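Data first, discussion second: the structure below is written as structure tokens.
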């Protein structure tokens with residue numbers, strides 16, 4: 001009888017332990033937006049690629065400088081602790097959070113026993129390229145997410161494991177991409193290189209061309225003067241804001257049919273070939289704060305168009321929409337045209353071409369040198385219920401009270417809306 005009870009108790013213990021491990025993924029809200037630097041971008045675990053979980057009894061070891069919550073036994077939180085070195089990492093850890101510290105180096109010793117780690121966040125530290133031990137990341141064969149933004153890296157931190165899927169390197173000092181730096185990374189889907197020191201010479205060797213699964217590439221806030229060459233056809237989101245790009249070759253996007261969102265605000269574009277953006281899947285196009293004097297063809301898939309802060313004196317709707325097709329209507333719902341040189345609203349023909357349009361934001365126009373002027377209405381809205389209209393009015397009043405810093409922060413938030 002005692003033997004049976006012992007076996008029963010042991011079985012119940014094993015079941016409870018298994019439920020605890022499973023629930024740590026079920027309880028975590030992977031839908032949380034990427035808002036604060038110390039929040040983690042949601043990652044959806046693929047059961048076919050997830051690393052094997054150690055067998056019970058489950059280890060409870062945790063570095064004394066860190067916190068290992070019982071509800072998340074595979075995670076170790078060492079963030080915001082003024083650490084200058086990386087503590088020893090227990091072998092069972094799968095998520096390691098070391099952001100917002102004063103760490104300057106990544107030695108191999110703390111990772112000696114690491115086997116299952118899938119995510120490492122080392123953002124907001126003081127790490128330099130030459131202070132990363134050779135191959136320290138490459139040996140982590142289960143690693144899928146690596147966060148190194150807001151450090152002092154002068155060079156791409158290679159070699160890296162082939163398992164890697166998301167690599168964030170924004171806000172560093174990277175000015176070089178060695179020829180083999182991106183080789184052996186077939187699973188990368190997201191690569192963030194915003195706010196570095198990359199120029200055209202760095203991209204001459206087409207470093208991204210062999211990244212067959214790359215879906216999001218962020219190159220904003222660099223020193224580019226031309227469009228990056230050799231981008232893979234898998235690309236869906238491209239961010240090139242705050243560079244010095246002045247021209248887009250006419251057939252540049254023919255090899256990128258899957259582009260959904262393109263952001264090129266704050267560049268030096270003066271003219272865009274008419275059919276440049278004839279892309280079947282394009283939903284968002286942001287060309288704000290360039291030097292455009294004329295509009296261009298709008299693909300039927302496009303929903304949001306931002307062309308504020310240019311030098312447009314009129315909006316030629318026939319260039320945007322040369323033909324009408326009742327069976328394949330344009331999906332455009334929002335267009336922003338403030339801070340141009342418009343003296344009259346967009347032609348009413350626009351509402352035949354774009355029957356779904358809900359908002360045209362005119363704002364202030366730069367018609368005179370020193371005195372911005374408004375059209376008859378700063379915002380045109382249609383097809384709104386009374387509740388939607390009131391909500392839009394409330395939002396517009398809030399928007400009118402935004403400070404310059406608010407607008408600058410919004411412009412620099414290059415993650416939105418790609419991570420939402």
Taking R0 as 60 Å, what's the FRET efficiency between residue 212 and residue 85 from their Cβ-Cβ distance, rounded to 0.05? 0.95
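What does the C-alpha gyration tensor say about the overall shape of the range 246-317? Classify as rounded when a/c is under 1.5, otherwise prolate if a/b is larger than b/c, or oblate.
Working: a/c = 1.60, a/b = 1.42, b/c = 1.12.
It is prolate, given that a/c is not under 1.5 and a/b is the larger ratio.
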First check a/c for the range 71-245, with a ≥ b ≥ c the square roots of the eigenvalues of its C-alpha gyration tensor; if it is under 1.5, answer rounded, and if not, answer prolate when a/b is larger than b/c or oblate otherwise. prolate
Across all directions of projection, what mean area in square nanometres is found for the Cα convex hull of the range 250-388? 9.0 nm²
In what sequence do 84, 128 fall when counting other Cβ within 10 Å, fewest first? 84, 128
If each of residue 61 and residue 281 carries a label point 7 Å out from its Cα toward its Cβ, how far apart are those two points in nm? 4.4 nm
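The numbers here are math on the coordinates, done by the rules we state, and not lab data. These numbers come from a predicted model, not from an experiment. Note: ideal-geometry Cβ built from the backbone for every residue, glycine included; neighbour counts use all protein chains shown.
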